[in-house]
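Asks: Here it is, the structure in full.
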Amino acid sequence: FFEFDESFYKDDASKDISINIDSQKIITIISTLKDPKDKIIKMRFWEGMKFNEIAEKLSRNEAAVKKMFYRSIEEIRNKLK
C-alpha cells in the first residue's frame, strides 16, 4: 500500500498547473500498467525501495526488475506524448 500526499493536489497559486495535470496523467497511466510493472513503479517511487529489495519481494532477478522498471518508464513517457 502507498499513500499520496494530498497537499500536492491542493491549489497553490505559485504552482504551475501543468505539473498537477502531468502528475494526474502519470498516475492514471501507472494504474493501467500490467502487473508487476505497476508494482515495481509504486515500490520504487512511493515506497522508496531499492531494486534488490523489489526483486526480493517479487521473487525475481534484480536485473529483470531493473529492465521492467526502465521499460515501464519508457512506456509512461510514450503515453504522455
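We did not get these values from a lab; they are worked out from the coordinates using the rules stated. The structure presented is a predicted model; accordingly, all values stated were derived computationally and were not measured.
Asks: Once the range 26-81 is represented by equal point scatterers at the alpha-carbon sites, with solvent omitted, what log10 I(q)/I(0) does the Debye formula produce at q = 0.16, 0.26 Å⁻¹?
Replies: -0.42, -1.03
Asks: Right, something else. Longer than 22 Å from Cα to Cα, which of Lys39/Lys67; Lys50/Lys79; Lys34/Lys57 are they? Say none if no pair is.
Replies: Check vs 22 Å cut-off fails for Lys50/Lys79.
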